[in-house]
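The values are calculated or read from the model by the stated rules, or taken from the named source; none is laboratory data. Please read these numbers as outputs of a predicted model, since none were measured by experiment. For neighbour counting, all protein chains shown are included, and Cβ atoms are generated from backbone atoms with ideal geometry for every residue, glycine included. For the accessible areas, the whole protein counts, side chains as well, though only heavy atoms, and no ligand, DNA or RNA atoms are used. Shrake-Rupley method; radii C 1.70, N 1.55, O 1.52, S 1.80 Å.
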Amino acid sequence: MDRRHFIAAAGALALAPQGLRAQSRPLRYADMHTHVGLGNRDVIREGMAKGGMLLIARKYIADYPVIRRMAGGYGAHRAAAPGELAGLFDKNVPLMRERHRRDGLVEVLSLADLDRVLKEPAPAVALAAEGGDFLEGDVKRLEAARALGLVHLQLVHYRVSDVGDICTERPVHGGLTAFGKEVVGACNRLGILVDVAHATPDGMAQALELSSKPVIYSHGHLADYTPSYTMDGGRARGIGLPQAKAISAKGGVVGFWALGSMYRSLGAMADALAGAAAKLGAAHVGVGSDMAGMPSTAIPTYVEFAELDGLLEKRGMQPGERDGILGGNYLRVLRQSLSA
């Protein structure tokens, strides 16, 4: 993003109605995984400002035409036609970016953009994809996606693909495919953050082994059991402690979603975050709210996201630890992925 567009986006907040500015907080938090703005015309920037959100990872759902809710959770209900998912990505991502411009959001496309946002805070967005399904087996499409603005790629979602297995279906590839492994290396080369949410333990381990940069698990929960595809969707989506520790050991971040059926209150989610920090280290825990992507949630708006700060303080967490969990840790790994 050039300087002219950055200044225009930053100025949009200053020109907002007086009532909005009065409700806004200092911009400091970051959401590792969100679908905010999906299906509504609310100005994304306004919701971010009310909750003090500096940056959100706004995800395009790469397999959306072929998945639906079934008994026990989401899954693929039909095969994708050749070129279908690639074509929809190419059509819809520019529309997402137009929404960002219309809502006055700064797009983080480079290390320079991120550093500028940190120096001159303005509501910002990192364009992300939930699933590499749009690649359709062609790594050159990843290069094209990077040129379109993609800086964060979740390898898989709710469809076993040519990238790899998913945690909610019987594995067939033994983790990542040969192509999926190639994608990990290409992400490192292109400056795209690798996200292993929805992957199997084998897929996570392979991504960690191959990646030269920290890897994240953007949204889910830390399981006190061994997750299996035979479980219902929510439980199958957990990450085991061994996998979470492996991500942490490589400098990555484990993000927690705000699933309402799992966290009946914001306090319960704060308990989970504090508990994970005790096991993994506060520098390796984050929040991927999955806002607008779940049937019920403990974080319906970014006002509730900001309230986690006080709840974590009540649980004995220090300012630096809270700043990391509520965004700083994600910003750190995003910065590392964007670095040459």
Two-site FRET efficiency, A278 against E313, from Cβ-Cβ distance with R₀ of 22 Å, rounded to 0.05: 0.90
Gaussian network model of the chain, springs between alpha carbon atoms under 10 Å - residue of V253, V285, V117 with greatest fluctuation: V117
Over segment 294-340: Kirkwood hydrodynamic radius from C-alpha pairwise inverse distances, Å: 12.2
Efficiency of FRET from Cβ geometry, Y225 and V303, R₀ 30 Å, rounded to 0.05: 0.35
Sulfur and carbon atoms: percent of accessible area, the chain [1.4 Å]: 54
Extension gain, N40 back to L118 (0.36 nm per residue minus Cα-Cα distance, nm): 25.2 nm
Positive-end residue of A62, A306, L210, charge dipole of the chain with Cβ unit charges: A306
Approximate spin-label separation R170-A71, in nm, with each point projected 7 Å along Cα-to-Cβ: 1.6
Fraction in percent of alpha-carbon pairs per bin - 10 Å, segment 248-304: 25, 50, 24, 2
The chain - percent relative contact order, Cα under 8 Å, separation 6 or more: 18
Efficiency of FRET from Cβ geometry, R99 and A178, R₀ 30 Å, rounded to 0.05: 0.25
Extension gain from S110 to D90, taking 0.36 nm per residue of separation minus the Cα-Cα distance: 5.2 nm
Whole-number accessible area per residue in Å² for the chain, which is evaluated in the context of all protein chains at 1.4 Å: 39
Solution diffusion estimate, µm²/s, Stokes-Einstein, the chain, Kirkwood Rh from C-alpha pairs, 25 °C, viscosity 0.890 mPa s: 125
Contour excess over end-to-end distance, with Cα ends at D138 and Q336 and 0.36 nm allotted per residue: 68.8 nm
Surface accessible to a 1.4 Å probe, H173 within the full protein complex, Å²: 80
Over segment 145-289, relative contact order from alpha-carbon pairs under 8 Å, at least 6 apart, %: 20
With 5 Å bins from 0: P(r) over segment 208-340, alpha-carbon pairs, percent: 2, 11, 21, 23, 21, 14, 6, 2, 0
